[in-house]
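*Asks:* Please find one structure pasted underneath; my questions will follow.
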């Protein structure tokens, strides 16, 4: 097995792991499991990350998580929750505020240990979700990921990679134009904004037309075969997926009784969406120089994510 | 762009489904209170799926290399401008370019620009998180709506329409994103949390109280003001530039 | 030989109302031919290329009529991507046409679109990279490459799928002369060794004329002719000094290269007139005293301590390759740029310590991209804004602009002006407050021969008004047209300062074409030659 370094794995692997962990954390409120998930994410990031620009945001994710944890707990203290009286931890003066909207709002008052604990667990859960997504974002190379998007999304992925390649150049042009503006005598205030953005935008548009010409002259836009039937089928699948999603949401949240049916509908929605994307991907007969190369270590990491989800579902189902 | 009726239905259904994922705390039933957390987690996965379905729909209909190239450069410009504005409270520079471009290139383009702009600026500044698909969808819907702004011949009328839309959509965007993190931050049980089974009206009042007490509305106001001022200052020039580009390259609206 | 491309009765106009850019054009181009396409800016050189691969009208809009056959197959109504496996296209600025972020991905792009299998793709990429000498760069990010390397990658990308026709739209315009020469030689090799048909649009004829097999001239009135270089250039105006001189001397056959011209002229000595008119303000008061001025960014020295005095009513050219410190020097002189040590003072004060408003009445500067300063929707609005901002009476800028560029429709969008007209507009805006010193950074970039001559006339007019003009340029022929004095920089250090006649004379590395041919002291430009 290759060394545990981010680039030895397919970028999609990290996203599968991150999403699985995020989902699993979302389903539990056990502080121990959540804390170990957070610790696991931080450890994997620290071990596997490499000196790439997208790998430097661990501090941001940790800071944000801490902030959310504190906010969550603070909110629980400030906005009074109907706390049982027997384990009161803090006795604060109760406050009633009426903003004239839907009755009075009670604030502060007695704060119980149990409610603080629940708030803490809630905050931990969101932190764990954030760090799981953070793990994926920190370890997956976005450029490489864009190259393995399904063919159905090829156009959008091209636009995004154009934007990523172009952004640094644009920063340079903005600086250049801003400097040039000072020659004409005004470089401050809102009026200067148009003077800076417009020349850059004009250049950018010229640039985009040149780029479009170059893309087309090199074959962009050649279509493969996708019959009318296939196209309609793909659209019906999309529509089916959306309807199943809405129904699942309704059954799960509004009705609240038919959870198993809701779950089944949710899975059906995902399956329909996958089929729609799969069919639409046939519209192109492009090839890729570098294909996703799934190795055993990728499957191992993804299987780990799958186990986490399985565990979470079992834990939730069998309390 | 030639959109088939089916395609419009799909986009409409996707829009509504995604709104459901933002606004569920308003009409959640009393029997589902315990499952809300699980549902919310599932939405973090389902929202990207809806996004993909809409993007696929737009990508199959009439998009050509010119649309893509201009989408790419406007996305980059938007991401860069957004990074310049980031850090100052309430200053949101992401929306004026989306709204103005959508009014020139059409609502489909607006949706695409909204989603790609938020995605690329998150990729460039390390802001990818569970909130991102929701931000992308909200910004996409704002771009989609901006394509329907009427285009009166008189310039001041058009400017008024754009600024009016910018103000409303700033609050809508803020409202949607606050509603997304409302259950996360306020939890259940307080007088400013959502209350399962109390109905839409009561929950809207609770939400407004939450917005007022946590200062969320001030951010939204800041966003509305900056977007409006930016439109006022840049729209005449931006509109002229984009229209010129559209004519020059023989663009079809998307 | 059979013609590979047959263009029959082709007409094209961008708008139905316009007079056609191409009018009933008939051309035949043979397989493996290397063809130069030339003509003034806006004449339709690039339109001619674009109709061949369908970019016009499909990407530009406009009306097309006629027939184009490639290998006996009609291609006139095809879309660009339908022709992408047969015709490669390379744009003016490679960096704006790159789709990927590394060289190998860029080369793979076209092959991926065509659906070539990955294994075959690798073989083709290796072959084409070897042919263009970029095999060592395959895994480099495109942004790290030099301009010449980027252009090679663009050519390789256009030919990777085995295209037999290559269209290039001014591919050397952003390159310095050395890199441009290498690109042109590569193209020559592609056409003679691999049999690739190359159509090259270029206005700097001197860079390519020695290599090409034939010349197409797009005349600007819709007519297009093709023939050997010496027939085509007999009475054509937009030519480099070598050919201009041969035309003036009526050499027969027409000399198109320096060597031919030297043979034709032999040991003749010419009567010569002065290069520049005598400045009325001949007292030569000083305008800038520069003392030990240096510029240093962090650990990089852009300009070594620099001392010089520049006079009023004088044009000084700062010459040197890219990165030699020319731009840093200009910005430091202007006052808002960094000055690490030393001073630069004017009789009207020190620019660095003036508020912006006041500075504008002393020193004006035109940056490398003049259009960076233009942001309004019409010429009229730009001119009004300038009057208002400079607090001068209405139409002052407009009349100054008219003096420089002639009368132009005020409703036109500034971006639709030609590069030369944009430059004149920025000059007018910058000079409206009566600045005595004018700084220009690479003003001839993108200008054709006519526009350069026009700019030269404008600058000499300003010189006659007593302005002190300092311009940074590596355009030898242009400097010969305008400059009294030359300062040469290399790697941030002044290596020469003196008369233009010496800097660009026959003995110098920077000799003008006329100096190389005639080798006569004091003779630099064609206009100086007096015919008896």
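The values are calculated or read from the model by the stated rules, or taken from the named source; none is laboratory data. Quick caveat, the model's predicted, so the values are computed rather than measured. Virtual Cβ from ideal backbone geometry, glycine too; neighbours counted across all protein chains shown.
Per-residue answers, yes or no, for (1) part of a strand (DSSP E or B); (2) surrounded by fewer than 24 Cβ atoms within 10 Å (Cβ to Cβ); (3) over 26 Å from the mean Cα position of the chain (by Cα); (4) not assigned by TED's automatic domain parsing to the domain that holds residue C:470:
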residue	(1), (2), (3), (4)
C:357	no, yes, yes, no
C:376	no, yes, no, yes
C:380	no, yes, yes, yes
C:383	no, no, yes, yes
C:387	no, yes, yes, yes
C:393	no, yes, yes, yes
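*Asks:* Still on this model: Going residue by residue through segment A:125-145, is there one that turns out to be touching a helix residue (DSSP H, G or I) at 6+ places or on another chain (Cβ under 6 Å) and over 21 Å from residue A:44 (Cβ atoms)?
*Replies:* No: zero hits.
*Asks:* Also: Given the conditions (1) within 14 Å of chain C (Cβ to nearest Cβ); (2) in a helix (DSSP H, G or I), report the number of the one that residue A:273 does not fulfil.
*Replies:* (1)
*Asks:* Same structure, new question: Give A:195, A:191, A:185 a once-over and let me know the one that is closer than 30 Å to residue C:337 by Cβ, more than 8 Å from chain C (Cβ to nearest Cβ) and at pLDDT below 80. Before the answer, list the steps.
*Replies:* Working: A:195 fails: more than 8 Å from chain C (Cβ to nearest Cβ); A:185 fails: more than 8 Å from chain C (Cβ to nearest Cβ).
Result of the check over A:195, A:191, A:185: A:191.
*Asks:* Tell me the residue from B:132, B:123 that is buried (at least 23 other Cβ atoms within 10 Å of the Cβ), facing chain A (nearest Cβ under 9 Å), under 26 Å from residue B:45 (Cβ atoms) and within 18 Å of the chain's Cα centre (by Cα), please.
*Replies:* Step by step, each of B:132, B:123 is checked, and only B:123 is buried (at least 23 other Cβ atoms within 10 Å of the Cβ), facing chain A (nearest Cβ under 9 Å), under 26 Å from residue B:45 (Cβ atoms) and within 18 Å of the chain's Cα centre (by Cα).
*Asks:* What helices (runs of 4 or more DSSP H), lying completely within segment B:1-112, carry at least 1 residues that are within 8 Å of chain A (Cβ to nearest Cβ) and at pLDDT below 90?
*Replies:* By residue number, B:5-27, B:36-60, B:65-85.
*Asks:* Please pick out the residue among C:323, C:342 that is assigned by TED's automatic domain parsing to the domain that holds residue C:467, at positive phi and not in a loop (DSSP other than H, G, I, E, B).
*Replies:* That would be C:342, the only listed residue that is assigned by TED's automatic domain parsing to the domain that holds residue C:467, at positive phi and not in a loop (DSSP other than H, G, I, E, B).
*Asks:* I'm trying to understand the selection: among the residues of segment A:256-269, which are buried (at least 16 other Cβ atoms within 10 Å of the Cβ) and in a helix (DSSP H, G or I)?
*Replies:* A:259, A:262, A:263, A:265, A:266, A:268, A:269
*Asks:* Please enumerate the residues belonging to segment C:493-522 that are more than 24 Å from the chain's Cα centre (by Cα) and either under 24 Å from residue C:311 (Cα atoms) or assigned by TED's automatic domain parsing to the domain that holds residue C:261 (or both).
*Replies:* If the condition is that a residue be more than 24 Å from the chain's Cα centre (by Cα) and either under 24 Å from residue C:311 (Cα atoms) or assigned by TED's automatic domain parsing to the domain that holds residue C:261 (or both), then C:493, C:494, C:495, C:496, C:497, C:498, C:499, C:502, C:522 are the ones that fit.
*Asks:* Let me ask something else about it. Condition check: surrounded by fewer than 22 Cβ atoms within 10 Å (Cβ to Cβ), free of Cβ contacts under 8 Å to residues at least 40 places away in the same chain and more than 8 Å from every other protein chain (Cβ to nearest Cβ). Does residue A:239 satisfy that?
*Replies:* No; evaluated as a whole, the condition is false for this residue.
*Asks:* Could you check segment C:517-532 and list, in sequence order, the residues that are more than 14 Å from residue C:276 (Cβ to Cβ) and buried (at least 17 other Cβ atoms within 10 Å of the Cβ)?
*Replies:* Within segment C:517-532, C:517, C:518, C:520, C:526, C:529 qualify.
*Asks:* Of the residues B:249, B:166, which single one is modelled with pLDDT of 80 or more and closer than 30 Å to residue A:202 by Cβ?
*Replies:* After applying the criteria, what remains is B:166.
*Asks:* Since residue C:365 meets every condition but one in (1) in contact (Cβ under 8 Å) with a residue 60 or more places away in the chain; (2) assigned to a helix (DSSP H, G or I), which condition does it not meet?
*Replies:* (2)
*Asks:* A further question follows. Please enumerate the residues belonging to segment C:105-164 that are more than 22 Å from residue A:158 (Cβ to Cβ), in contact with a helix residue (DSSP H, G or I) (Cβ under 8 Å, 6 or more places away or on another chain) and not in a helix (DSSP H, G or I).
*Replies:* Residues satisfying the conditions are C:132, C:133, C:134, C:146, C:162.
*Asks:* I need the full set of residues from segment C:235-256 which are under 25 Å from the mean Cα position of the chain (by Cα) and either assigned to a helix (DSSP H, G or I) or surrounded by fewer than 18 Cβ atoms within 10 Å (Cβ to Cβ) (or both), in order please.
*Replies:* The answer is C:235, C:237, C:241, C:242, C:243, C:244, C:245, C:246, C:247, C:248.
*Asks:* In addition: Name the residue, out of A:135, A:108, that is assigned by TED's automatic domain parsing to the domain that holds residue A:43 and part of a helix (DSSP H, G or I).
*Replies:* A:135
*Asks:* Taking the stated definitions as given, is residue B:210 touching a strand residue (DSSP E or B) at 6+ places or on another chain (Cβ under 9 Å), in contact (Cβ under 8 Å) with a residue 12 or more places away in the chain and facing another protein chain (nearest Cβ under 9 Å)?
*Replies:* Yes.
*Asks:* What are the residues in segment C:176-214 that are closer than 18 Å to residue C:45 by Cα, outside any loop (DSSP other than H, G, I, E, B) and at pLDDT below 90, if any?
*Replies:* Within segment C:176-214, C:205, C:206, C:207 qualify.
*Asks:* Looking at segment A:286-310, which of the residues that are under 17 Å from residue A:145 (Cβ atoms) and within 14 Å of chain C (Cβ to nearest Cβ) is surrounded by the fewest Cβ atoms within 10 Å (Cβ to Cβ)?
*Replies:* A:293
*Asks:* Are any residues in segment B:192-249 out of contact with any helix residue (DSSP H, G or I) (no Cβ under 8 Å at 6 or more places or on another chain) and within 30 Å of residue C:63 (Cβ to Cβ), and if so, which ones?
*Replies:* Those that are out of contact with any helix residue (DSSP H, G or I) (no Cβ under 8 Å at 6 or more places or on another chain) and within 30 Å of residue C:63 (Cβ to Cβ): B:240, B:247.
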